[in-house]
Amino acid sequence: MLCVACLAGPAKPFPLRAQSSGVVLNEQVMVPMRDGVKLATFIRRPEGGQKVPAILSRTPYNAAPKIEMPPREQARPGDLALSHAVIAQDVRGRYASEGEFYPFINEGKDGYDTIEWIAQQPWCDGNVIMIGGSYVAYTQLAAAMERPPHLRAIAPVVAPADFNGNMSFHGGALRQELVQGWLIGQAFNSQRVRRGEVPKDQLERWRTEGRFAEWCWHLPLADTGPMVIGGPSYEKAWKDFVGSWTVPRAWDAYSPMVNVEKITVPVLLVAGWYDIFSQGDLDLWAALRYFVMRSDRWVDTDHWPPKDAAPTRYYLRFDTASRKRSLDTQAPPGEAPPSTFNYDPRSPVATLGGNNLTIVNG
């Protein structure tokens, strides 16, 4: 089940333009940030002198495959690249980009600089939106918090939104599977590994000993272990995450929930009930404005649920003929048969999942 929320602030019109040539160009550009670090940026856009809107995603998961195609190709009808520039960028320190990778802390300023660079290109009409999920969703929220003048809207999916809530810690407990497991995975496809800079014996050792299923039981927790494969910035990131366990609000500067008032562009926020950041996304939804479908209006409110919301009671219904279960707003007639199971702690019922990243069955 998906929970989809449309949230908005003031925005300029976002035009769609039909293109005539049907020819698409593919480019790779190293875009400079304010501190001189250059980020690998892959661009797919229509050939010719038309100025078009741009769709941007910034990712730590390798931008090149998202854009890689022949340098010049004939696009098919309906291809976004006929009416938009489609852009993917490796975030700082990942894949083809320069700099050191440290999760989250550079995404706001780097996002701002990238958006404004795109808006100044001769093929861009000055309108930029962002898309993507998970960490790629966070890069959107981080950029929006910086308020780049040419960002028009964002569409984050399963966004890590609440740094003080359920992103790294849940109810005060470290989400070790999520944070440690994810960072170990990033270390093993880091630039040091891809460039062959890690000694073979060290790499093979950690491929065996550093698998999360085994390493998660290691103490002390602050030991970086297999993250050494990624380099000093990966090790520092893990130590900082663990160290912030006892430092309240250590990540406030990077948390969309804390800085929600800074997000003024329209937002399409999508999350599933069992996604890893579902609660944080629901909280962010409640903190932002929302769009009322069928009424075609944006609402800015300090109350959630809205004051005019009507609570609706749903009843569990079981159809004995079809053996199907459903929800109904009408109370079932008479007594419905109960659903039962035997509970035995010595033989637990297997879960069908959970809000996890790397553990398959919760």
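The values are calculated or read from the model by the stated rules, or taken from the named source; none is laboratory data. Just so it is clear, the structure is predicted and the values come from calculations on it, not from any experiment. Note that we place each Cβ from the backbone using ideal geometry, even for glycine, and neighbour counts take in every protein chain shown. With ligands, DNA and RNA removed, areas are computed over all heavy atoms of the protein, side chains included. Shrake-Rupley method; radii C 1.70, N 1.55, O 1.52, S 1.80 Å.
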For segment 86-241, convex hull volume per residue from C-alpha positions, Å³ = 120
query = Where the accessible area of segment 95-168 is counted over protein heavy atoms with a 1.4 Å probe, how much of it, in %, is carbon and sulfur?
reply = 52
remark   = Plugging the Cβ-Cβ distance of residue 105 and residue 27 into 1/(1 + (r/R0)^6) at R0 = 25 Å yields, to the nearest 0.05, a FRET efficiency of 0.30
message = Show me the ranking of peptides 40-46, 249-255, 261-267 by mean Cβ neighbours inside 10 Å, starting with the highest.
response = 40-46, 261-267, 249-255
query = Residues with amide H under 5 Å of residue 52's amide H, sequence separation 5 or more or different chain, H placed in the peptide plane at 1.01 Å from N; which?
reply = 124, 125
remark   = Highest mean packing first, using Cβ neighbours within 10 angstrom, the peptides 161-167, 94-100 sort as 161-167, 94-100
note = Taking the convex hull of the alpha-carbon atoms of segment 243-328 and averaging its shadow over every direction gives an area in square nanometres of 9.7
task = Go ahead and set up a Gaussian network model of the chain, Cα springs under 10 Å, then flag whichever of 109, 200, 236 fluctuates most.
result = 200
note = Mean projected area (nm²) from the convex hull of Cα positions in segment 287-331 is 5.0
ask   = Hey, what's the Kirkwood Rh for the chain if you take every pair of different alpha carbons, in angstrom?
value = 23.1
Highest-fluctuation residue, 80, 219, 268 considered, GNM on the chain with Cα pairs under 10 Å = 219
note = Going residue by residue through segment 214-225, the Karplus relation 6.51 cos²θ - 1.76 cosθ + 1.60 with θ = phi - 60° gives ³J(HN,Hα) values, rounded to whole Hz and with x marking Gly or Pro, of 9, 5, 4, 8, 6, 10, x, 4, 6, 4, 7, x
Highest average packing first - 284-290, 321-327, Cβ atoms within 10 Å = 284-290, 321-327
request  = Write down the radius of gyration of segment 191-286 and its Dmax, each obtained from C-alpha positions, in Å.
outcome  = 18.1, 50
query = What are the principal axis extents of the Cα atoms in segment 57-157, in Å, biggest first?
reply = 39, 28, 26
ask   = When ligands, DNA and RNA are left out and all protein chains stay put, how many square angstrom of accessible area per residue does the chain have with a 1.4 Å probe?
value = 54
remark   = Count of lysine pairs, the chain, Cα-Cα under 18 Å, sep. 8 or more residues or interchain, comes to 4
ask   = What percent antiparallel are the DSSP beta bridges of the chain, to the nearest 5?
value = 65
ask   = Which percentage, to the nearest 5, of the DSSP beta bridges contained in segment 87-202 is antiparallel?
value = 25
query = To the nearest 0.05, what FRET efficiency results for residue 331 and residue 214 with a Förster distance of 56 Å applied to their C-beta separation?
reply = 0.60
